[in-house]
1. Could you give each residue of segment 117-134 its phi-based ³J(HN,Hα) in whole Hz, using Karplus coefficients 6.51, -1.76, 1.60 with θ = phi - 60°, and x for Gly or Pro?
2. For the pair Arg100 and Arg119, how long in nm is the line joining their label points, each one 7 Å along Cα→Cβ?
3. What is the calculated FRET efficiency for Ile40 to Glu60, with r their C-beta to C-beta distance and R₀ = 22 Å, to the nearest 0.05?
4. Compute log10 of I(q)/I(0) for the chain with the Debye formula, placing one identical point scatterer on every Cα and leaving out solvent, at q = 0.13, 0.14, 0.19 Å⁻¹, to two decimals.
5. Kindly write out, for segment 22-30 in residue order, the coupling ³J(HN,Hα) from the Karplus curve 6.51 cos²θ - 1.76 cosθ + 1.60 (θ = phi - 60°), rounded to whole Hz, with x marking Gly and Pro.
6. Read phi for every residue in segment 39-54 and hand back ³J(HN,Hα) as whole Hz from Karplus 6.51 cos²θ - 1.76 cosθ + 1.60, θ = phi - 60°, with x for Gly and Pro.
7. With a sphere of radius 12 Å drawn around the Cβ of Glu34, what net charge do the other residues whose Cβ falls strictly inside it have (Lys, Arg +1; Asp, Glu -1)?
8. On a 0 to 90 degree scale, rounded to 10, what angle separates helix 142-156 from the longest Cα axis of the chain?
Amino acid sequence: MNLNLTLIIEVLSFLLFVYIFAKYIYRPISSVLEKRAMMIREKIDSAEEKQREAEKRFREVEERLAGLEMEMADIRTRAVKEAAEVKDEIIRNAKQEAERIIQRAREKAEVESKKIYNRLKDEMLDLVFHSIKLILKREVKKEDHYSYLKDRVEEFKI
């Protein structure tokens, strides 16, 4: 009977232990573990939501970046086109200025050439008059004098 009584006491002690454990230890630990599990689930859900939000923002940034790249390419194309237009305008203006300079140089050369022509003509006339003076100082026959003057006038006709 000793064995039975010991067995019964041990079974009763075990049952008392299980009851006390369940009432005072298991439920609070279980409650804490459930709260902890719920808190972990909330953090995981929050992290997943933040990750989805971050991915959404990343896609938005990628889209904006792609739009900016296209805009930069467009700006670069316009800048190259504008630079070509400015270059063409500069070349066109330079050609016009060169033509004006050449035209002024031609006009100036023509004026100078007329001045030189008139000076030479005046000098030739002076020489003719001087020659006539010299001839008239000498006695020359009228026919010789007329022939000489005619030859000189023919030489100076332009």
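Derivation of every value follows stated rules applied to the coordinates shown; laboratory data play no part. Because the structure is predicted, anything quoted here is derived from the model rather than measured. FYI the Cβ positions are ideal-geometry reconstructions off the backbone, even for glycines, and counts take in every protein chain you see.
1. Couplings: 4, 5, 4, 5, 4, 5, 5, 5, 5, 4, 5, 4, 5, 5, 4, 5, 4, 4 Hz.
2. With each label point 7 Å from Cα toward Cβ, the separation is 3.0 nm.
3. About 0.15, to the nearest 0.05.
4. Result of the Debye calculation: -0.97, -1.00, -1.18.
5. 5, 6, 9, 10, 5, 4, x, 5, 4
6. 5, 5, 4, 4, 5, 5, 4, 4, 5, 5, 5, 5, 5, 4, 4, 5
7. Local charge sum for Glu34: +4.
8. Compared with the principal axis, the helix lies near 0 degrees.
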